[in-house]
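Read through the structure below, which is laid out as C-alpha coordinates, and then see the notes.
The values are calculated or read from the model by the stated rules, or taken from the named source; none is laboratory data. Here the structure is a predicted model, which is why all the values come from computation and not from measurement. Note that each Cβ is placed from the backbone with ideal geometry, even for glycine, and that neighbours are counted across all protein chains shown. Protein only, heavy atoms only, side chains kept; ligands, DNA and RNA dropped before computing areas. Shrake-Rupley method; radii C 1.70, N 1.55, O 1.52, S 1.80 Å.
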Amino acid sequence: MLFILVVLIEYLIFLLEVLAWGQLALTSAASEAIPALMACVLLSNVGASITEVAKDALVAEYGKKHRMPGLQSYAFMASAAGGILGNLIGGYFLLKTQQPKLMFLAFSALLALQLVVTSATREESLGLAQSSNYSVVREPITEIFRKQYSDLMVAATGESIARPLIWIVMSILAVPVLSGSIFCYQTQCLNLDPSVIGMSKVIGQLLLLSLTVFYDRYGKRIPMRKLIGIVQITYAASLLLDLVLVKQLNLKLGISNEWFALCFSGLAETIAIFKLLPFHVLFASLAPSGFEGSLMSFLASALCFSSVFSGVLGVSLATFLGLTPGNYSSLHIGILIQFVAALLPLRWLSYVPMAQPAAEKGKKRGQSKRTRKYRRVGRVVVDSFYSYRRIRESDFDENPLLTK
(Lines give C-alpha, C1' and ligand atoms only; values in the text may rest on other atoms or scores of the structure.)
Protein backbone atom coordinates (compact mmCIF):
# COMPACT_ATOMS: atom_id res chain seq x y z
CA MET A 1 0.00 0.00 0.00
CA LEU A 2 2.81 2.40 0.91
CA PHE A 3 4.70 1.59 -2.30
CA ILE A 4 1.62 2.31 -4.41
CA LEU A 5 1.30 5.64 -2.61
CA VAL A 6 4.95 6.40 -3.32
CA VAL A 7 4.45 5.68 -7.04
CA LEU A 8 1.46 8.03 -7.15
CA ILE A 9 3.52 10.64 -5.34
CA GLU A 10 6.30 10.20 -7.88
CA TYR A 11 3.84 11.09 -10.66
CA LEU A 12 2.80 14.20 -8.74
CA ILE A 13 6.42 15.16 -8.13
CA PHE A 14 7.22 14.64 -11.79
CA LEU A 15 4.41 16.95 -12.85
CA LEU A 16 5.34 19.63 -10.32
CA GLU A 17 9.08 19.63 -10.88
CA VAL A 18 9.01 19.19 -14.64
CA LEU A 19 6.50 22.03 -14.83
CA ALA A 20 8.81 24.20 -12.73
CA TRP A 21 12.16 23.35 -14.33
CA GLY A 22 10.65 23.12 -17.81
CA GLN A 23 9.27 26.62 -17.46
CA LEU A 24 12.69 27.89 -16.39
CA ALA A 25 14.37 26.15 -19.31
CA LEU A 26 11.89 26.83 -22.12
CA THR A 27 10.31 30.15 -21.19
CA SER A 28 12.55 33.19 -21.05
CA ALA A 29 9.96 35.19 -19.10
CA ALA A 30 9.98 32.64 -16.27
CA SER A 31 13.75 32.99 -15.80
CA GLU A 32 13.70 36.79 -15.97
CA ALA A 33 10.56 37.83 -14.08
CA ILE A 34 10.89 37.56 -10.30
CA PRO A 35 7.26 36.43 -9.60
CA ALA A 36 7.43 33.69 -12.24
CA LEU A 37 10.86 32.59 -11.00
CA MET A 38 9.61 32.38 -7.41
CA ALA A 39 6.57 30.37 -8.52
CA CYS A 40 8.77 27.85 -10.35
CA VAL A 41 11.12 27.47 -7.39
CA LEU A 42 8.10 27.05 -5.09
CA LEU A 43 6.72 24.24 -7.26
CA SER A 44 10.08 22.45 -7.37
CA ASN A 45 10.46 22.70 -3.58
CA VAL A 46 6.96 21.32 -3.06
CA GLY A 47 7.87 18.31 -5.18
CA ALA A 48 11.17 17.80 -3.36
CA SER A 49 9.48 17.99 0.05
CA ILE A 50 6.88 15.41 -0.96
CA THR A 51 9.51 12.93 -2.10
CA GLU A 52 11.49 13.41 1.12
CA VAL A 53 8.45 12.46 3.20
CA ALA A 54 7.70 9.42 1.03
CA LYS A 55 11.35 8.28 1.03
CA ASP A 56 11.64 8.40 4.82
CA ALA A 57 8.41 6.43 5.24
CA LEU A 58 9.44 3.77 2.73
CA VAL A 59 12.91 3.28 4.25
CA ALA A 60 11.48 3.03 7.77
CA GLU A 61 8.86 0.44 6.80
CA TYR A 62 11.36 -1.64 4.83
CA GLY A 63 13.96 -1.58 7.61
CA LYS A 64 11.47 -2.50 10.34
CA LYS A 65 9.90 -5.33 8.37
CA HIS A 66 13.23 -6.95 7.51
CA ARG A 67 14.77 -6.26 10.92
CA MET A 68 17.50 -3.98 9.58
CA PRO A 69 17.88 -1.23 12.23
CA GLY A 70 19.88 1.77 11.11
CA LEU A 71 18.89 1.50 7.47
CA GLN A 72 18.49 5.28 7.51
CA SER A 73 22.30 5.56 7.62
CA TYR A 74 22.53 3.95 4.19
CA ALA A 75 19.81 6.26 2.89
CA PHE A 76 21.86 9.25 4.11
CA MET A 77 24.96 7.82 2.43
CA ALA A 78 23.11 7.45 -0.85
CA SER A 79 21.72 10.98 -0.54
CA ALA A 80 25.19 12.42 0.15
CA ALA A 81 26.72 10.49 -2.76
CA GLY A 82 23.95 11.76 -5.03
CA GLY A 83 24.55 15.30 -3.81
CA ILE A 84 28.26 15.04 -4.60
CA LEU A 85 27.62 13.67 -8.07
CA GLY A 86 24.82 16.16 -8.80
CA ASN A 87 26.81 19.21 -7.68
CA LEU A 88 29.86 18.14 -9.68
CA ILE A 89 27.89 17.44 -12.86
CA GLY A 90 25.81 20.59 -12.51
CA GLY A 91 28.87 22.78 -11.88
CA TYR A 92 30.84 21.25 -14.75
CA PHE A 93 27.85 21.53 -17.06
CA LEU A 94 27.32 25.18 -16.17
CA LEU A 95 30.99 26.12 -16.53
CA LYS A 96 31.31 24.45 -19.92
CA THR A 97 28.07 25.59 -21.51
CA GLN A 98 27.35 28.85 -19.64
CA GLN A 99 23.69 28.04 -20.32
CA PRO A 100 21.59 27.47 -17.17
CA LYS A 101 18.59 26.58 -19.34
CA LEU A 102 20.38 23.51 -20.69
CA MET A 103 21.09 22.40 -17.13
CA PHE A 104 17.39 22.78 -16.26
CA LEU A 105 16.49 20.62 -19.25
CA ALA A 106 19.01 17.98 -18.20
CA PHE A 107 17.51 17.92 -14.71
CA SER A 108 14.02 17.49 -16.16
CA ALA A 109 15.33 14.52 -18.16
CA LEU A 110 16.69 12.96 -14.95
CA LEU A 111 13.27 13.38 -13.34
CA ALA A 112 11.69 11.58 -16.28
CA LEU A 113 14.21 8.73 -15.88
CA GLN A 114 13.39 8.52 -12.17
CA LEU A 115 9.70 8.26 -12.99
CA VAL A 116 10.32 5.44 -15.49
CA VAL A 117 12.44 3.47 -13.01
CA THR A 118 9.88 3.90 -10.23
CA SER A 119 6.99 2.90 -12.47
CA ALA A 120 8.84 -0.21 -13.67
CA THR A 121 9.62 -1.38 -10.12
CA ARG A 122 7.18 -3.96 -8.78
CA GLU A 123 6.00 -3.69 -5.19
CA GLU A 124 6.68 -7.40 -4.60
CA SER A 125 10.38 -6.90 -5.37
CA LEU A 126 10.75 -4.82 -2.19
CA GLY A 127 9.20 -7.46 0.02
CA LEU A 128 6.87 -4.99 1.74
CA ALA A 129 3.69 -6.06 3.47
CA GLN A 130 0.78 -6.45 1.09
CA SER A 131 -2.46 -4.71 1.95
CA SER A 132 -5.79 -6.45 1.90
CA ASN A 133 -7.79 -5.24 -1.08
CA TYR A 134 -10.95 -6.57 0.49
CA SER A 135 -10.64 -4.48 3.63
CA VAL A 136 -9.76 -1.42 1.59
CA VAL A 137 -12.87 -1.80 -0.51
CA ARG A 138 -15.16 -2.47 2.41
CA GLU A 139 -14.01 0.47 4.57
CA PRO A 140 -14.65 4.06 3.50
CA ILE A 141 -11.50 6.03 2.80
CA THR A 142 -12.46 8.64 5.39
CA GLU A 143 -12.69 5.93 8.05
CA ILE A 144 -9.26 4.63 7.12
CA PHE A 145 -7.75 8.12 7.38
CA ARG A 146 -9.49 8.69 10.70
CA LYS A 147 -8.09 5.49 12.17
CA GLN A 148 -4.62 6.18 10.81
CA TYR A 149 -4.66 9.69 12.27
CA SER A 150 -5.91 8.44 15.64
CA ASP A 151 -3.24 5.74 15.85
CA LEU A 152 -0.56 8.19 14.74
CA MET A 153 -1.48 10.65 17.47
CA VAL A 154 -1.36 7.90 20.09
CA ALA A 155 2.12 6.89 18.91
CA ALA A 156 3.45 10.43 18.51
CA THR A 157 2.24 11.64 21.90
CA GLY A 158 4.04 8.87 23.77
CA GLU A 159 6.82 10.27 25.93
CA SER A 160 9.57 8.21 24.29
CA ILE A 161 8.69 9.74 20.90
CA ALA A 162 7.21 13.13 21.79
CA ARG A 163 10.16 14.42 23.86
CA PRO A 164 12.93 13.86 21.29
CA LEU A 165 10.57 15.03 18.52
CA ILE A 166 9.96 18.30 20.37
CA TRP A 167 13.69 18.79 20.88
CA ILE A 168 14.75 18.27 17.27
CA VAL A 169 11.94 20.45 15.92
CA MET A 170 12.65 23.26 18.40
CA SER A 171 16.40 23.07 17.76
CA ILE A 172 15.69 23.90 14.10
CA LEU A 173 12.93 26.43 14.78
CA ALA A 174 15.08 28.42 17.21
CA VAL A 175 17.87 29.23 14.75
CA PRO A 176 17.14 31.90 12.12
CA VAL A 177 18.74 30.99 8.78
CA LEU A 178 20.79 33.79 7.21
CA SER A 179 22.25 31.69 4.39
CA GLY A 180 20.70 33.96 1.73
CA SER A 181 22.20 37.12 3.21
CA ILE A 182 25.59 35.44 3.65
CA PHE A 183 25.53 34.21 0.04
CA CYS A 184 24.78 37.72 -1.22
CA TYR A 185 27.58 39.11 0.96
CA GLN A 186 30.05 36.57 -0.43
CA THR A 187 29.16 37.25 -4.06
CA GLN A 188 28.49 41.02 -3.93
CA CYS A 189 30.95 42.29 -1.33
CA LEU A 190 33.73 39.72 -1.45
CA ASN A 191 33.21 39.10 -5.19
CA LEU A 192 33.62 35.36 -4.78
CA ASP A 193 33.03 33.29 -7.87
CA PRO A 194 29.80 31.26 -7.60
CA SER A 195 31.82 28.17 -8.60
CA VAL A 196 33.75 28.48 -5.32
CA ILE A 197 30.54 28.41 -3.32
CA GLY A 198 29.28 25.53 -5.46
CA MET A 199 32.43 23.51 -4.77
CA SER A 200 32.00 24.20 -1.07
CA LYS A 201 28.68 22.34 -1.33
CA VAL A 202 30.54 19.36 -2.81
CA ILE A 203 33.00 19.40 0.08
CA GLY A 204 30.06 19.62 2.48
CA GLN A 205 28.46 16.55 0.90
CA LEU A 206 31.78 14.68 1.14
CA LEU A 207 31.92 15.56 4.83
CA LEU A 208 28.32 14.43 5.29
CA LEU A 209 29.12 11.09 3.66
CA SER A 210 32.14 10.66 5.94
CA LEU A 211 30.15 11.56 9.07
CA THR A 212 27.39 9.14 8.11
CA VAL A 213 29.88 6.29 7.65
CA PHE A 214 31.46 7.20 11.01
CA TYR A 215 28.07 7.16 12.71
CA ASP A 216 27.13 3.82 11.20
CA ARG A 217 30.44 2.25 12.29
CA TYR A 218 31.17 3.91 15.61
CA GLY A 219 28.64 6.65 16.43
CA LYS A 220 25.90 4.25 17.52
CA ARG A 221 28.08 3.19 20.45
CA ILE A 222 28.12 6.74 21.82
CA PRO A 223 25.22 7.63 24.15
CA MET A 224 22.72 9.53 22.02
CA ARG A 225 22.38 12.48 24.40
CA LYS A 226 26.14 12.96 24.48
CA LEU A 227 26.41 12.64 20.70
CA ILE A 228 23.64 15.17 20.03
CA GLY A 229 25.15 17.58 22.56
CA ILE A 230 28.52 17.44 20.81
CA VAL A 231 26.90 17.87 17.39
CA GLN A 232 24.82 20.85 18.55
CA ILE A 233 27.84 22.61 20.08
CA THR A 234 29.82 21.95 16.89
CA TYR A 235 26.95 23.34 14.83
CA ALA A 236 26.84 26.53 16.92
CA ALA A 237 30.61 26.94 16.61
CA SER A 238 30.48 26.42 12.84
CA LEU A 239 28.09 29.35 12.53
CA LEU A 240 30.87 31.61 13.82
CA LEU A 241 32.98 30.72 10.78
CA ASP A 242 30.80 33.14 8.80
CA LEU A 243 31.75 35.81 11.34
CA VAL A 244 35.43 35.12 10.61
CA LEU A 245 34.76 35.76 6.92
CA VAL A 246 32.68 38.88 7.56
CA LYS A 247 35.36 40.38 9.82
CA GLN A 248 38.08 39.23 7.41
CA LEU A 249 39.97 37.52 10.22
CA ASN A 250 40.99 34.80 7.79
CA LEU A 251 43.18 37.29 5.91
CA LYS A 252 45.13 37.97 9.09
CA LEU A 253 45.80 34.22 9.28
CA GLY A 254 47.02 34.18 5.69
CA ILE A 255 43.94 32.38 4.30
CA SER A 256 42.33 33.90 1.24
CA ASN A 257 38.59 34.44 1.04
CA GLU A 258 38.29 31.88 -1.75
CA TRP A 259 39.99 29.08 0.18
CA PHE A 260 38.20 29.89 3.42
CA ALA A 261 34.79 29.88 1.73
CA LEU A 262 35.66 26.72 -0.17
CA CYS A 263 36.57 24.78 2.97
CA PHE A 264 34.14 26.18 5.56
CA SER A 265 31.18 27.80 3.78
CA GLY A 266 29.04 24.65 3.79
CA LEU A 267 30.14 23.26 7.16
CA ALA A 268 27.20 24.52 9.25
CA GLU A 269 24.64 23.21 6.76
CA THR A 270 26.37 19.81 6.68
CA ILE A 271 26.33 19.47 10.47
CA ALA A 272 22.67 20.54 10.60
CA ILE A 273 21.77 17.74 8.17
CA PHE A 274 23.87 15.16 10.01
CA LYS A 275 22.14 16.03 13.28
CA LEU A 276 18.92 14.58 11.88
CA LEU A 277 20.37 11.10 11.28
CA PRO A 278 20.34 9.80 14.90
CA PHE A 279 16.73 10.94 15.26
CA HIS A 280 15.69 9.16 12.06
CA VAL A 281 17.25 5.95 13.39
CA LEU A 282 15.66 6.45 16.80
CA PHE A 283 12.12 7.07 15.55
CA ALA A 284 12.33 4.19 13.08
CA SER A 285 13.25 1.83 15.94
CA LEU A 286 10.53 3.20 18.25
CA ALA A 287 7.75 3.19 15.67
CA PRO A 288 4.95 0.71 16.48
CA SER A 289 4.68 -2.17 14.07
CA GLY A 290 2.54 -1.22 11.10
CA PHE A 291 2.89 2.54 11.67
CA GLU A 292 6.52 3.04 10.64
CA GLY A 293 5.56 4.89 7.47
CA SER A 294 2.99 7.11 9.18
CA LEU A 295 5.34 8.08 12.01
CA MET A 296 8.29 8.81 9.72
CA SER A 297 6.04 10.83 7.41
CA PHE A 298 4.92 12.85 10.42
CA LEU A 299 8.56 13.37 11.44
CA ALA A 300 9.56 14.48 7.93
CA SER A 301 6.60 16.88 7.79
CA ALA A 302 7.53 18.37 11.17
CA LEU A 303 11.13 18.83 10.06
CA CYS A 304 10.02 20.48 6.81
CA PHE A 305 7.78 22.86 8.74
CA SER A 306 10.56 23.75 11.17
CA SER A 307 12.97 24.42 8.29
CA VAL A 308 10.46 26.69 6.58
CA PHE A 309 9.78 28.56 9.82
CA SER A 310 13.53 28.92 10.42
CA GLY A 311 13.91 30.45 6.96
CA VAL A 312 11.06 32.89 7.57
CA LEU A 313 12.63 33.79 10.91
CA GLY A 314 15.93 34.44 9.13
CA VAL A 315 14.28 36.74 6.59
CA SER A 316 12.57 38.62 9.41
CA LEU A 317 15.86 38.99 11.26
CA ALA A 318 17.62 40.25 8.12
CA THR A 319 14.85 42.81 7.60
CA PHE A 320 15.02 43.91 11.25
CA LEU A 321 18.81 44.37 11.02
CA GLY A 322 18.44 46.36 7.79
CA LEU A 323 20.45 43.96 5.64
CA THR A 324 20.19 45.04 2.01
CA PRO A 325 22.26 44.35 -1.14
CA GLY A 326 24.27 47.51 -0.42
CA ASN A 327 24.40 47.35 3.36
CA TYR A 328 25.81 44.42 5.34
CA SER A 329 27.10 46.40 8.30
CA SER A 330 24.84 44.51 10.73
CA LEU A 331 25.51 41.03 9.35
CA HIS A 332 27.89 40.17 12.19
CA ILE A 333 25.11 40.86 14.72
CA GLY A 334 22.83 38.42 12.92
CA ILE A 335 25.55 35.75 12.99
CA LEU A 336 26.03 36.25 16.74
CA ILE A 337 22.26 35.92 17.24
CA GLN A 338 22.39 32.67 15.26
CA PHE A 339 25.19 31.40 17.52
CA VAL A 340 23.32 32.18 20.73
CA ALA A 341 20.08 30.68 19.36
CA ALA A 342 21.91 27.47 18.41
CA LEU A 343 23.11 27.07 22.02
CA LEU A 344 19.63 27.45 23.53
CA PRO A 345 18.46 23.86 22.76
CA LEU A 346 21.26 22.53 24.99
CA ARG A 347 19.19 23.74 27.96
CA TRP A 348 16.59 21.06 27.15
CA LEU A 349 18.99 18.31 26.11
CA SER A 350 17.35 16.04 28.70
CA TYR A 351 14.52 15.56 26.19
CA VAL A 352 16.93 13.46 24.11
CA PRO A 353 17.16 9.84 25.34
CA MET A 354 20.46 8.74 26.79
CA ALA A 355 20.79 5.65 24.61
CA GLN A 356 19.10 3.59 21.94
CA PRO A 357 15.93 1.65 22.92
CA ALA A 358 16.61 -1.38 25.10
CA ALA A 359 14.53 -3.63 22.85
CA GLU A 360 16.84 -3.03 19.94
CA LYS A 361 19.90 -3.78 22.05
CA GLY A 362 18.29 -6.94 23.34
CA LYS A 363 17.69 -8.15 19.81
CA LYS A 364 21.33 -7.58 18.93
CA ARG A 365 22.57 -9.47 21.99
CA GLY A 366 20.20 -12.35 21.27
CA GLN A 367 21.40 -12.87 17.73
CA SER A 368 23.88 -15.60 16.94
CA LYS A 369 27.15 -14.90 15.17
CA ARG A 370 25.84 -16.73 12.13
CA THR A 371 22.71 -14.54 12.04
CA ARG A 372 24.74 -11.34 12.32
CA LYS A 373 27.06 -12.54 9.56
CA TYR A 374 24.15 -13.16 7.20
CA ARG A 375 22.62 -9.80 8.12
CA ARG A 376 25.82 -8.03 7.10
CA VAL A 377 25.87 -9.97 3.86
CA GLY A 378 22.22 -9.11 3.26
CA ARG A 379 22.90 -5.39 3.70
CA VAL A 380 25.70 -5.34 1.16
CA VAL A 381 24.66 -7.94 -1.41
CA VAL A 382 21.18 -6.82 -2.37
CA ASP A 383 20.79 -9.44 -5.10
CA SER A 384 21.05 -12.25 -2.57
CA PHE A 385 18.54 -10.72 -0.17
CA TYR A 386 15.84 -13.33 -0.51
CA SER A 387 18.24 -16.23 -0.04
CA TYR A 388 19.50 -14.40 3.05
CA ARG A 389 15.93 -14.23 4.41
CA ARG A 390 15.44 -17.98 3.95
CA ILE A 391 18.66 -18.70 5.84
CA ARG A 392 17.64 -16.42 8.70
CA GLU A 393 14.23 -18.03 8.95
CA SER A 394 15.76 -21.50 9.10
CA ASP A 395 18.07 -20.30 11.88
CA PHE A 396 15.10 -19.16 13.93
CA ASP A 397 13.28 -22.43 13.34
CA GLU A 398 16.28 -24.46 14.50
CA ASN A 399 17.00 -22.36 17.56
CA PRO A 400 13.85 -21.18 19.44
CA LEU A 401 15.98 -19.11 21.84
CA LEU A 402 16.56 -16.57 19.09
CA THR A 403 12.89 -15.64 18.99
CA LYS A 404 12.77 -14.75 22.66
From ALA54, ALA78, ALA36, residue being crowded, with 17+ Cβ neighbours inside 10 Å, in a helix (DSSP H, G or I) and either modelled with pLDDT of 75 or more or touching a helix residue (DSSP H, G or I) at 6+ places or on another chain (Cβ under 7 Å) (or both):
ALA54
Hey, can you tell me all the residues within the stretch 198-213 that are more than 22 Å from SER256 (Cβ to Cβ), surrounded by fewer than 19 Cβ atoms within 10 Å (Cβ to Cβ) and either in contact with a Leu (Cβ under 7 Å, 6 or more places away or on another chain) or in contact (Cβ under 8 Å) with a residue 12 or more places away in the chain (or both)?
VAL213
Among (1) touching a Ser or Thr at 6+ places or on another chain (Cβ under 6 Å); (2) not in a helix (DSSP H, G or I), there is one condition ILE172 misses while meeting the rest; what is its number?
(2)
For SER195, indicate whether it is closer than 19 Å to LEU336 by Cβ, open to solvent by 10 Å² or more (accessible area, probe 1.4 Å) and either touching a Phe, Trp or Tyr at 6+ places or on another chain (Cβ under 8 Å) or touching a residue at least 40 places away in the same chain (Cβ under 8 Å) (or both).
no
Return only the number of the condition from (1) open to solvent by 10 Å² or more (accessible area, probe 1.4 Å); (2) modelled with pLDDT under 90 that THR234 does not satisfy.
(2)
Filtering the stretch 293-334 down to residues that are modelled with pLDDT of 90 or more, open to solvent by less than 20 Å² (accessible area, probe 1.4 Å) and under 24 Å from the mean Cα position of the chain (by Cα) yields SER306, SER310, GLY314
Would you pick out the residues in the stretch 239-262 that are small (Gly, Ala, Ser) and closer than 18 Å to MET199 by Cβ?
SER256, ALA261
For the stretch 161-170, check the following and say yes or no: at least one residue is at pLDDT below 90 and surrounded by fewer than 19 Cβ atoms within 10 Å (Cβ to Cβ).
yes
In the stretch 245-292, which helices (runs of 4 or more DSSP H) lie fully inside it and hold 1 or more residues that are open to solvent by less than 10 Å² (accessible area, probe 1.4 Å) and among the acidic types (Asp, Glu)?
none
Could you list, ordered by first residue, the pairs with Cβ atoms under 7 Å in which the first is in the stretch 158-169 and within 15 Å of SER297 (Cα to Cα) and the second is of a type in the set (S, T, N, Q) and in a helix (DSSP H, G or I), at least 6 apart or interchain?
VAL169/SER306
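Results for (1) out of contact with any Lys or Arg (no Cβ under 7 Å at 6 or more places or on another chain); (2) over 19 Å from TRP167 (Cβ atoms), shown as yes or no for each residue.
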{"position": "ALA287", "(1), (2)": "no, no"}
{"position": "MET296", "(1), (2)": "yes, no"}
{"position": "VAL308", "(1), (2)": "yes, no"}
{"position": "PHE320", "(1), (2)": "yes, yes"}
